[in-house]
Every structure is written in C-alpha cells, then in structure tokens.
Amino acid sequence: MITLKSPREIELMAESGALLASVHKELRTFIKPGITTWEIEVFVRNYIEEHGGVAAQIGFEGYKYATCISVNDEICHGFPKKQVLKTNDLVKVDMCIDLNGAISDSCWAYVVGEATDEVKKLMEVTKKALYLGIEQAQIGNRTGDIGDAIQTYVEGEGYSVVRDFIAHGIGPSIHEEPFFAHYGEKGKGARLKEGMTITIEPMVNVGSWEMMMLPNGWESKTKDGSLSCQYEHSIAITKEGPVILTSQGEEGSY
C-alpha cells in the first residue's frame, strides 16, 4: 500500500533529511587516504546520535551497522570493516536516519584523494542520472518515466544500470511501496501522486549491469569487476514539483 504524507509529515522528513545531509557534508573532508571504512561507520554513528537522531539501519532486517559502505566494484550494502582506503578509491556511503519518528535515506559517492579520469566520469554520469530521474518525479507521471530517463541517459554514455536493486517509497518505514527500477518504459508503473515520498538511487556500472552476491547475503559486487557508483536522494512529490528532502545545498553544485 502506498501512503500519502501530510505537509507536516513531509516537513519532519525534511528535518531528518537535513541531518542526514549534514553527515554527508562532513564526510567530504573526513574521508581521506589511510582511514578505514570502520572509522567512517563510527564517525557516522556518533554524529547521528550526538544530533538527536537514530541510525535507522541498525536492526533493519537484521542489519548490524549504521552505514552501508561499498568500495570500487562493490555495488551496495557493503559492510564497514577494517579496510584501509587508498588514493583513487571510489567509496559509496549509504545511511538512513530516524529523527523524531521521521525517516530519511541517502547515499553519496566520494573519491579518496585524487580521482582518475575513469572515476570522475562515472561519478558525473551517475549524479546526472539521479537528477534526471528526479526531474521526472512529477504529479501524474509514472515510476517508469523515472527509470526510462535514467536508463536512456546512462546507456547513452556507455554505462549500465544495475537491475537487481531498486528504488522505493519511504516513511514511516525504510522500505515501502512503490518499489521500482532505475530502467524501464515511459508510462509504466505506479502513478505519482501528491504526498508520495520516494527514493531515487541509481547504481551505475562501468561494465555490465550483472552482479553477484557475497555469501553473507548482503554485500554485492559487479560480476565483471568493473567500478560501480551510486547517488541517492529522498524526495517528496508536491504540486510545486519534486522536493529533495536530503538536499546538501545547491543541487548539482557539489
């Protein structure tokens, strides 16, 4: 069942999203060569708690951590661990925050130190794909319009869109309907209505879209070992157009 949120509920989700965005802004300078992904986990968990929030991923479907941290060919749901980051590593940090009962969800990509041209281009394409998807999040459109915009652009740039992980509704729980892919056909899927709150979170690979799951049942990697990138925002569908609830500032400028 798709839930429609009131303006007050969306306001609370925006407050939660602002806290989440502030974590990502802090990570811009925190992530550097020599630190471990476990240090990122500890920093994020402490920051959220110090600012009155709850790391909502802890305990969700048995997950143990405040963050999912995926490096290079890892697509998503990577466990934080004592993995030392080195220059040129592509790091994706995904988290959910519960602030006063309101949930927000956002993933952001970071390069450790200097980026190679390959990493820079992949990050640029993935981020643009996210915003092209957001542009389609209008009242009356369908979720397939979002997927089509993302897929058309990404494949036009010579990359592929991951098929096995999808976007979803959010609030009051982390995952709720509608569930939809980042590829597909215009005019297909659930119709977008005022008050819906959803995530858009394209995962883009340099090589094939095919993936493999690790034995722990959570972590995933590209099947061909190619780099993978992800960006994600939580958004609200409103009469004024899509509102980004996890905005980090002037969109597209960072």
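The values are calculated or read from the model by the stated rules, or taken from the named source; none is laboratory data. Since the model is a prediction, treat every value here as computed from it, not as a measurement. Cβ coordinates were reconstructed from backbone atoms using ideal geometry, including for glycine residues, and neighbour counts include every protein chain displayed. Areas reflect the complete protein model, heavy atoms only, side chains present, ligands, DNA and RNA absent. Shrake-Rupley method; radii C 1.70, N 1.55, O 1.52, S 1.80 Å.
Data for the structure
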quantity: Per residue accessible area of the stretch 4-155, 1.4 Å probe, in Å²; calculated: 41 Å²
quantity: Kirkwood Rh in Å, taken over all unlike Cα pairs in the stretch 91-181; calculated: 14.8 Å
quantity: P(r) weight above 18 Å for the stretch 133-254, C-alpha pairs, percent; calculated: 53 percent
quantity: Rg to Rh, two decimals, where the stretch 2-151 supplies the alpha carbon set and Rh follows Kirkwood; calculated: 0.99
quantity: Entries of Lys188/Lys239; Lys92/Lys121; Lys32/Lys81; Lys32/Lys223 with Cα pairs more than 19 Å apart; calculated: Lys188/Lys239; Lys32/Lys223
quantity: Trypsin sites (Lys or Arg not before Pro) within the stretch 179-237, DSSP loop, no more than 16 other Cβ atoms inside 10 Å; calculated: Lys186, Lys188, Lys193, Lys223
quantity: Descending Cα extents along the principal axes, the stretch 190-254, whole Å; calculated: 43, 30, 20
quantity: Relative contact order (%) - the chain, alpha-carbon pairs under 8 angstrom, separation at least six; calculated: 23 percent
quantity: Exposure rank, largest accessible area first [Trp108, Trp218; 1.4 Å]; calculated: Trp218, Trp108
quantity: Taking all pairs of distinct alpha-carbon atoms in the stretch 1-86, Kirkwood radius in angstrom; calculated: 14.4 Å
quantity: Whole-number D in µm²/s for the chain (Stokes-Einstein; Kirkwood sum over Cα pairs; 37 °C, 0.692 mPa s); calculated: 183 µm²/s
